[in-house]
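Undergrad: I have a structure here, written as structure tokens, and I will follow up with some questions on it.
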Amino acid sequence: MSSKYIVRQPIKDQANKIIGYEIQYHGENQAFGDNGKNVRENDFAAADTIYNFLTMNTDKLLRGSLNFMTFTTTLLMKKTPHLFDKGELVIQIDDSVIIHPLAMHMVQQYAKEGYQVAVNEFQFAPRYLGILDRIDYIKLNIQTTPELTLKNIIDIAHSMKKQCIAVGIDREETYQKAVKLGVDALEGPYVAEKLTTQTHSSGYLQSNFFRLMVAMTRDEPDVEEIEQIISVDATLTYGLLKIANSVYFALRHRATSIHQAVMTLGLVQLKQWIYLLSVSNGEQEVDPESEEFLKMSFMRAMFCQELMNYAKDMPISKSDAYLMGMFSTLNYLVDAPLEDCLESLPIPQEVKDALLHHTGRCGLLYDLALSYERADWNAITSLADQLGIPSNILTTLYFNCMENVNETWRQLSNPTPNQITSGEPVDTGLHQEEQPGTGDASQTEAGGTQSATGDAS
């Protein structure tokens, strides 16, 4: 059975800001654009799969961002770029398109229409130099191209006001090499996970937020303890009220006290959104870097949870899988070893072993989520098979989770007309009367309020 996967990976500038996303494709058990003996057959099969997927999903999934996508001759002839708005697509081409007269003619036409163009693995060859005036981005493989060649290409590109993107950044060394060379943006597994600064200091393990996390992950959380911890921390209080009064949890009556807010969300929701409580800056807004961290955390959590619907013989619950995905980013949030953080958290040992040692069936599930995120095609197929998960559903699950994350974030980012502001006084009383229509804070997964993860719950 052939495996077809589509994934997107962030492209960031040197300030660690996302400038766009690379849409990567794998099909027919070969990477898209492979130069094997069945290139022509695979090209047609790949083009059909990609075209059909984009036709069904472009409107809801790939809007509002700049998408970099490699186009073969077949995809160009199917007029696939027209599925995207001009301002949301960079048409990437490689050597197979450059040497194809008809394909290059089509690229030139798309460029005249206003689409941006990028060249993969630019080379010092006449056919590449001859198209410089028609392209906007140059993609450079930092690992396979000699440093002197890279420097010369970057200098020439910048002299012609072209942007250079280094690809294949998989560790700190290659990241620093690319930065030193002066590239405009970077892409790769290391870039996707990199945060410029960690949100908390080494005192995190003694912080109110960590105390709250420990209290929330107990088998039987104590509501009064949770409210008490939140009540003595301004950042936690603001974050809680912001979530409770967001469009997502829109109510007739706004929550103006910690107790009301906890009742509105319920413990299940609060557990899922606990990271959001900790990342407000001094202006009590979520900074862009923390926002990307949160989205990555939620994406992993939702994806792990969704995979549990198909994985065989799993020793943990869907809720535990959600926490596994969310806590996988804990080492990026704090300046403390992941092992030290997890030691104090009352979560299943199988989850801890998966996060720390990648062992057991939980480790397989966790590795599958990471492998898909990193577009490790061979690992994806192998891990899905070991878990008993049909590989043909992974792309749909992944993009459904992405849609849920983006939609939920939009709703949480838009306050209700009655949302409390940072300048208003907050009632920190722990035993207020519950507002009509609010949920039960002691609810379990089996019932209660709408899930914060939408369809992924």
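Undergrad: Check residue 374: other-chain or 5+ apart residues with amide H under 5 Å from its amide H, H built from backbone geometry?
TA: Placed amide hydrogens put nothing under 5 Å from residue 374.
Undergrad: Separate question: Among 262-272, 337-347, what's the highest-first ranking by average C-beta atoms within 10 angstrom per residue?
TA: Ranked by mean Cβ neighbours within 10 Å, highest first: 262-272, 337-347.
Undergrad: So, one more: With a bin width of 10 angstrom, please list the P(r) values of region 5-193 as percents of all Cα-Cα pairs, from the 0 bin to the one holding the largest distance.
TA: Going out from 0 Å in 10 Å bins, region 5-193 shows 9, 37, 39, 15, 0 percent.
Undergrad: With a ≥ b ≥ c taken as the square roots of the eigenvalues of the C-alpha gyration tensor of region 308-376, please select rounded if a/c is under 1.5 and otherwise prolate if a/b is larger than b/c or oblate if it is not?
TA: Cα axes put region 308-376 in the oblate bin.
Undergrad: Quick one: which of 157-163, 315-321 comes out on top by average Cβ neighbours within 10 Å, and what's the full order, highest first?
TA: Per-residue mean Cβ counts within 10 Å order the peptides as 315-321, 157-163.
Undergrad: Moving to a separate point now. Greater than 22 Å separation of Cα atoms is the criterion. Which listed pairs, 78/162; 12/112; 17/352; 271/318; 242/295, meet it?
TA: Violating the 22 Å Cα-Cα cut-off are 78/162; 12/112; 17/352.
Undergrad: Would you tally the net charge around residue 388, using a Cβ to Cβ cut-off of less than 9 Å, leaving residue 388 out, and scoring K and R as +1, D and E as -1?
TA: That works out to -1.
Undergrad: Sticking with this structure for a sec: Just order 102-110, 369-377, 299-307 by mean Cβ neighbour count inside 10 Å, highest at the front, would you?
TA: Averaged packing, sorted descending, gives the order 299-307, 369-377, 102-110.
Each reported figure results from applying straightforward, stated rules to the coordinates on display, with no laboratory input. Bear in mind the structure is a predicted one, so any value in this text is a computation, not a measurement. Methodologically, a virtual Cβ is constructed for each residue, glycine included, from the backbone with ideal geometry; neighbour enumeration extends over all protein chains shown.
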